[in-house]
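Here's the structure, in structure tokens; my notes come after.
The values are calculated or read from the model by the stated rules, or taken from the named source; none is laboratory data. As the structure is a prediction and not an experimental result, all values here were calculated from the model. Note that each Cβ is placed from the backbone with ideal geometry, even for glycine, and that neighbours are counted across all protein chains shown. Keep in mind that these areas ignore ligands, DNA and RNA; they rest on the heavy atoms of the full protein, side chains included. Shrake-Rupley method; radii C 1.70, N 1.55, O 1.52, S 1.80 Å.
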Amino acid sequence: MKAMAVLSTALLLVAPSYAGEAQEVNARMEDDRIVVEVDGEQFTAYLFGEEHKYPFFYPVVGPASGKSVTAWDQDPYPHHSSLYLSLDRVRSENVDHGNYWQPRHRLETGQVFSRNPRIVEQEDGRVVLQDETEWIVPATESHQLSDRRTVTIWAPSPTVRVMDFTFELTAMKDLLVRQTGHSFFSARMRPEIAVGCERRGGKWAEMGTGTIVDSEGNRDEAGTRAQAADWCAYYGELEGVTEGLAIIQHSGNPMYPAKWFNRNYGFMSPTPFAFDGNVPIEADETLTFRYRVVVFTGDHETADIAGWREDFEDNPESDAAQAANAPYNDESQAAQTELHLPGRHFVTYLAADETAGVELKHDEEESHIEVHVRGEHFTTYHYGEDVRTPFLWPVLAEGGVGVTRNHPMGEDDPASADHPHHRSLYLVYGDVNGYDFWHRHPIKTADLETGEGDGYAWIRARNHWTTPEGEVLVDEIQELRFHDTPASGRLIDFISTLRAPHGDMVFGDDKEGLLAFRIRPEIEGRRAGVLTNARGEQGERNVYGTPAPWMDYSGPIDGYGHRGIAVFDHPDNFREGYWHVRDYGLAAINPFGRRQVGGLEDGSYTLAEGESLTLRYRVYVHSGDVEEADVAGQYAQFAE
């Protein structure tokens, strides 16, 4: 393994101007922490006990209030532990998903172990702490990363505290860090300092009235999230005074400048892993990251955060750090965007993501994942041994009313209790090498994971379409993306990658499939519902068998008004789909059944062994009729 360069963290000779004299700083070792005091009062502590998911600093006490400006074990998302370095979605040869981020009680999915915490220096008004850590997935005993961390702490005035961090991360094997918002060097502010989220209501709106501001002058989550900036400051009123914390990233960091993953509920992180694709790290490669944390009284201007950033850049260490950690070139950046899909290692966990109001609640015993959007139950993903094929049910529109049929999972109108294989909302096909997965054969989930993207949470399943002889005929990666949208217009993206693992695979021309739903009986076409396609044609007689970019099924529900479902066919799909729709409530888009559905030439499609085909669709669950819901406008956004 490469030797890790130890970078000095000398006290800076020139610093921004400030009022008052430097404060005395001391540290002492206790059983499971290192306590740091400023003028005899606790400022912070480095907690490294093995009961924690990762080591972290808590409290981080404001200079004037005497209260921590950061939070630990704070709803929502109590796995955000104050001030810390962590990471999710780390893949290596025997681990599909090293999760060092959350949930904090699931240590077996990934844990950062402190191996040598110590105080290496106490003089000249500063303390220097060091630790070596090992990033291990205990479930597989896989050692993925090591890091040496050096933290220099000093108090240049009564109103400012400074913490300089150097993290030297070394890959113990070839790694791929897949794009994730669960990263990297992060701070979680206490509720009184949070901006608050009025649109979410409840506990979100009851937070403080703080401010986020970055080096470019952008403010709050809307202005600073996913933006590149040298620094961000988060501050608000605490115990009658304005206090906060700023994070400054050094220009010598790999992949600089990192974009910020900031949240109004109190989260802040400059992360190179959240927005720009996957990041490969070779075995024995060492990446050195440097950050400055400034804890201050006042706002970002009175604390002169811009000056502290200039001072950080003037530190002589920056040249050495930049030489050792040159930013990725254009070719490596492009390579990072490649999507690496789940492998064979089966990992499940509860994913209460910070994805703009989307929360996934995974019940492993019951083999289902509830999807909540902006605090409301939207749908549930069912998989496991007790179901023949995965499906979503219920699918709830605004007001909590279901828009898909309950049968056979629950009670329903007896007149619509037919075709028990029509399970709410699902993706299957009726003829693959002659095998019928629509009516008979199973599709089993071999691998499952959850996570977040920009404005959505996702479920990614590896599904095996299996013959009665036990052969995996289709190896499918099915990703479902649930977007943070109002209850009047929920969005689900289906991205299905179908691969032929053992010999050629033929999708025969058949009318049964592919992405399908069964509408609520009350709004079937034979009752009050209306089928409409992108050309404005309506009813089964006019919509069945035609290709169209979208199709909508909607109607009035007693006590709720109009509700409906539209399905969008992405223009990049290999061919347009044909609509298999019925007045009794079935609707499906089918790119293979050109003859059986469309009445044209044979639409069979062959995948050679090892080849794959990716299909993308969007489901739009809406209030109002096809015009009121602006289905055409929603499709246009999807097709961009």
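For the stretch 95-114, taking the residues that are touching a Ser or Thr at 6+ places or on another chain (Cβ under 7 Å) and of a type in the set (A, V, I, L, M, F, W, C), the one that is nearest to S269 (Cα to Cα) is identified as W101. Within the stretch 530-546, can one find any residue that is in a strand (DSSP E or B) and touching a Pro at 6+ places or on another chain (Cβ under 6 Å)? Among the residues of the stretch 530-546, not one is in a strand (DSSP E or B) and touching a Pro at 6+ places or on another chain (Cβ under 6 Å), which makes the answer no. Only residues that are of a type in the set (S, T, Y) and within 22 Å of G455 (Cβ to Cβ): list them for the stretch 238-271, please. Result: Y265, S269, T271. Pairing residues of the stretch 94-117 that are within 18 Å of Y77 (Cβ to Cβ) with residues that are aromatic (F, W, Y) and at pLDDT below 90, at Cβ distances under 9 Å and at least 6 apart in sequence or on separate chains, gives N99/Y349; Q102/Y77; Q102/Y349; P103/Y349; R106/Y349; T109/Y349.
Grab the strands (runs of 3 or more DSSP E) fully contained in the stretch 445-527, keeping just those with 3 or more residues being touching a residue at least 12 places away in the same chain (Cβ under 8 Å) and either closer than 23 Å to R405 by Cα or β-branched (V, I, T) (or both).
Details: elements: 456-466, 472-483, 489-499, 505-507, 513-518.
By residue number, 472-483, 489-499, 513-518.
Scanning the stretch 413-440 for residues that are in contact (Cβ under 8 Å) with a residue 40 or more places away in the chain and open to solvent by 50 Å² or more (accessible area, probe 1.4 Å) returns D413, A415, H419, R423, N433, G434, H439. For the criterion of being at pLDDT below 90 and of a type outside the set (A, V, I, L, M), D75 passes.
Among the residues making up the stretch 272-297, those that are modelled with pLDDT of 95 or more, β-branched (V, I, T) and open to solvent by less than 20 Å² (accessible area, probe 1.4 Å) are I281, T288, V293, V294, V295. Total residues in the stretch 226-246 satisfying the condition of being open to solvent by 10 Å² or more (accessible area, probe 1.4 Å), over 19 Å from G210 (Cα atoms) and not in a strand (DSSP E or B): the figure is 3.
Return the residues of the stretch 574-589 that are closer than 29 Å to E398 by Cβ and under 31 Å from the mean Cα position of the chain (by Cα); say none if nothing qualifies.
First, pick out the residues of the stretch 574-589 that are closer than 29 Å to E398 by Cβ: 577, 579-589.
Matches in the stretch 574-589: G577, A587, A588, I589.
Among residues belonging to the stretch 463-488 that are in contact with a Ser or Thr (Cβ under 7 Å, 6 or more places away or on another chain) and open to solvent by 30 Å² or more (accessible area, probe 1.4 Å), point out the one that is modelled with the lowest pLDDT.
S488
In the stretch 247-254, the count of residues that are out of contact with any Cys (no Cβ under 6 Å at 6 or more places or on another chain) and open to solvent by 10 Å² or more (accessible area, probe 1.4 Å) is one or more.
For P571, indicate whether it is more than 30 Å from E471 (Cβ to Cβ) and part of a loop (DSSP other than H, G, I, E, B).
In short, yes.
The numbered conditions (1) modelled with pLDDT under 95; (2) within 26 Å of D418 (Cα to Cα); (3) crowded, with 19+ Cβ neighbours inside 10 Å are all true for D558 except (3).
The set of residues in the stretch 164-174 being open to solvent by 10 Å² or more (accessible area, probe 1.4 Å) and farther than 17 Å from L83 by Cβ consists of L169, M172, K173, D174. Those strands (runs of 3 or more DSSP E) of the stretch 356-408 in which 3 or more residues are out of contact with any Asp or Glu (no Cβ under 9 Å at 6 or more places or on another chain) and not basic (K, R) occupy 391-395. Annotation note: of E398, E365, the sole residue that is of a type in the set (D, E) and surrounded by fewer than 16 Cβ atoms within 10 Å (Cβ to Cβ) is E365. Given the conditions (1) crowded, with 24+ Cβ neighbours inside 10 Å; (2) free of Cβ contacts under 8 Å to residues at least 40 places away in the same chain, report the number of the one that P78 does not fulfil. The one condition P78 does not meet is (1).
Touching an Asp or Glu at 6+ places or on another chain (Cβ under 9 Å), open to solvent by less than 10 Å² (accessible area, probe 1.4 Å) and among the small types (G, A, S): is that true of G98 in this structure? In short, yes.
So is V597 surrounded by 21 or more Cβ atoms within 10 Å (Cβ to Cβ), at pLDDT below 95 and either among the aliphatic types (A, V, I, L, M) or closer than 28 Å to S416 by Cα (or both) or not?
yes
Quick one: is N262 polar (S, T, N, Q) and surrounded by fewer than 22 Cβ atoms within 10 Å (Cβ to Cβ)?
So N262 does not fit the description; no.
Output the residues belonging to the stretch 590-604 that are over 34 Å from the mean Cα position of the chain (by Cα) and either assigned to a strand (DSSP E or B) or of a type in the set (G, A, S) (or both). Within the stretch 590-604, G593, G598, G599, G603, S604 meet the criteria. For first residues located in the stretch 258-283 and farther than 11 Å from L176 by Cα and without any contact (Cβ under 8 Å) to a residue 60 or more places away in the chain, partners that are open to solvent by less than 10 Å² (accessible area, probe 1.4 Å) and assigned to a strand (DSSP E or B) and lie 6+ apart or on another chain with Cβ distances below 6 Å form the pairs W260/C232; W260/P270; N262/I212; N262/M268.
In the condition set (1) of a type in the set (F, W, Y); (2) closer than 19 Å to H483 by Cβ; (3) open to solvent by 20 Å² or more (accessible area, probe 1.4 Å), Y620 is compliant with all but (3).
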